[in-house]
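Take a look at the structure below.
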Amino acid sequence: AWLEGDLGSLRYVVAMAATVGDSGSYSLRVLALTRYGRKGASSRMRFEQFVPVLAKFGVDVEIAPLLRDEYVERLYSRQPKALGQILSDYLRRLLWLLRVRHFDLLWIEKELFPDLPGWFEYLLAVLGIRYVVDYDDAIFHNYDRSSNPLIRTLMGRKIDGVMRNSACVIAGNSYLAE
């Protein structure tokens, strides 16, 4: 299933809540695996702003950003990446993945681990863990149009696999939906 537009994600999660029981009698537990925390515009606009509205529909959303706000601050101030911090953030994401069975739905912003193959999304599918993937950028071009031939070869179709293994793809515009 494909949903387009900024409200596509809200509509999908509310629809999921409506299918699980009477209003107020069941809380859908959603783990939102975002790329950034509150300082990242994409995570704030695609996820954070919907949490209060979703709560009114019995949807309990727990936000688990991959990269902490300090990463975004360094990015915007053009400081070098703190590789140790990024590694720590990736390890924290792995720990979240060990808890996915505690949730009814995973809501993934873009991909679980940028710059790594889509093995973890594939593993979720093999284990029967349903996830929704949400895109607001053409991040697949980071891989299929990379100047590095190794990245193009190994990961050029990564996002295709992430989408194929998802229960639903939410696209922020018609270009992404195609």
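Relative to the current alpha-carbon distance between residue 145 and residue 86, full extension at 0.36 nm per residue lengthens the span by 18.9 nm.
Taking a straight line from the alpha carbon of residue 110, these lysines sit under 19 Å away, with near neighbours fewer than eight places off in the same chain left out: 39, 158. Sorted from longest to shortest, the spans of the Cα atoms of segment 54-178 along the three principal axes equal 43, 33, 28 Å.
Of the residues 96, 119, the one with the largest accessible area comes first in the ranking 119, 96, computed with a 1.4 Å probe on protein heavy atoms.
The values are calculated or read from the model by the stated rules, or taken from the named source; none is laboratory data. In this text, all values refer to a predicted model and were calculated from it rather than measured experimentally. Only protein heavy atoms, including side chains, enter the accessible area calculation; ligands, DNA and RNA are left aside. Shrake-Rupley method; radii C 1.70, N 1.55, O 1.52, S 1.80 Å.
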